[in-house]
1. Given the conditions (1) touching a Pro at 6+ places or on another chain (Cβ under 6 Å); (2) closer than 23 Å to residue 88 by Cβ, report the number of the one that residue 211 does not fulfil.
2. Among residues belonging to the stretch 175-231 that are at pLDDT 90 or above, within 14 Å of the chain's Cα centre (by Cα) and not hydrophobic (A, V, I, L, M, F, W, C), point out the one that is surrounded by the most Cβ atoms within 10 Å (Cβ to Cβ).
3. On the given criteria, is residue 202 polar (S, T, N, Q) and in contact with a strand residue (DSSP E or B) (Cβ under 9 Å, 6 or more places away or on another chain)?
4. Of all residues in the stretch 57-98 being among the small types (Gly, Ala, Ser) and touching a strand residue (DSSP E or B) at 6+ places or on another chain (Cβ under 6 Å), which is farthest from residue 192 (Cα to Cα)?
5. Got a sec? Which strands (runs of 3 or more DSSP E) wholly within the stretch 51-159 have at least 1 residues that are under 23 Å from residue 19 (Cβ atoms), of a type in the set (Ser, Thr, Tyr) and in contact with a helix residue (DSSP H, G or I) (Cβ under 6 Å, 6 or more places away or on another chain)?
6. Restricted to the stretch 116-132, and to residues that are of a type in the set (S, T, N, Q) and out of contact with any strand residue (DSSP E or B) (no Cβ under 7 Å at 6 or more places or on another chain), which residue is surrounded by the fewest Cβ atoms within 10 Å (Cβ to Cβ)?
7. Say whether the condition of being farther than 23 Å from residue 216 by Cα, of a type in the set (Gly, Ala, Ser) and either touching a helix residue (DSSP H, G or I) at 6+ places or on another chain (Cβ under 7 Å) or crowded, with 17+ Cβ neighbours inside 10 Å (or both) is met by at least one residue in the stretch 8-17.
8. Would you be able to say whether some residue in the stretch 165-186 is within 18 Å of residue 110 (Cα to Cα) and assigned to a helix (DSSP H, G or I)?
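The values are calculated or read from the model by the stated rules, or taken from the named source; none is laboratory data. None of the values given here were measured: they were computed from a predicted structure. Glycine also receives a Cβ, built like all others from the backbone with ideal geometry; neighbour counts cover every protein chain displayed.
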Amino acid sequence: MVDQPLAGRVAAITGASSGIGAATATALSRAGATVALAARRRDRLESLAERLEGPSSIHEVDVTDEEQARSFIESAHAEHGGLHGLVNNAGVMLLGAVDGADTAGWRRMLDVNLWGLLVCTHAALPLIAQSGGGDIVNISSVAGRRATAGAAVYNMTKFGVHAFSEALRQEALHAGVRVTVVAPGFVDTELQAHNTDPLVRQGMARAREEIGEILQPDDIADAVAYAVTRPPHVCLNEVVVLPTGQAR
């Protein structure tokens, strides 16, 4: 019989239509969890749900819309009879110099990477506590640990995720809610394709070549699944996952 350490648990996942979100949904479902999937692309969610091993629900959600974000969390809790985990995975990475930048891209990163994470967490925290405790996992980046030229605003949002996660961990431990921030290095996802600046794309291509074999979404999903299946007294506060060939 396959071990299912998350049997009877319910997890909500944002940005679940592709990449790390979809891989995390697959990993948690395989571990026995019921998963509530949120993203803007409903067709992708439907396709993912068909491939999962266990029960799931799909929710077409823009996490930057507070009403939609709260409705997703509350619906997941009501539909599945509890909520034991939230994976804040939705994110945007738009790189480039500060001088001459399109500030609409800055606003998009602030809205998705910070505001969406905040409102989903605010809605989920009391429901997870009411369900007997569980986990909030925030997907950040190594860009939240070290700032570099050309990524200033992205750095700002991801540093914010780390700071918020640590403060929340200290608050939420009294309710039996663990908080983990996962900081991946270079992962093969759609994030890179969001960038159209030729210089940025050239820089990413050079980084990929220098690293060699980069991470896959499943590598990060494995880290999330490991964190949320630890004994209740064990909290992995921060998990950094780099490709072996990535220097920083």
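1. (2)
2. 184
3. no
4. Filtering the stretch 57-98 down to residues among the small types (Gly, Ala, Ser) leaves 57, 69, 71, 75-76, 78, 81-82, 85, 90-91, 96-97.
Checking which are touching a strand residue (DSSP E or B) at 6+ places or on another chain (Cβ under 6 Å) leaves us with 57, 76, 82, 85, 90.
Values: 57: 28, 76: 30, 82: 35, 85: 28, 90: 14 Å.
Of everything passing the filter in the stretch 57-98, 82 is farthest from residue 192 (Cα to Cα).
5. 56-60
6. Kept after step one, since they are of a type in the set (S, T, N, Q), are these residues of the stretch 116-132: 121, 130-131.
If we keep only those that are out of contact with any strand residue (DSSP E or B) (no Cβ under 7 Å at 6 or more places or on another chain) too, we end up with 130-131.
Working: 130: 12, 131: 20.
Taking the candidates together, the pick is 130.
7. No; the residues of the stretch 8-17 include none that is farther than 23 Å from residue 216 by Cα, of a type in the set (Gly, Ala, Ser) and either touching a helix residue (DSSP H, G or I) at 6+ places or on another chain (Cβ under 7 Å) or crowded, with 17+ Cβ neighbours inside 10 Å (or both).
8. Yes, because at least one residue in the stretch 165-186 is within 18 Å of residue 110 (Cα to Cα) and assigned to a helix (DSSP H, G or I).
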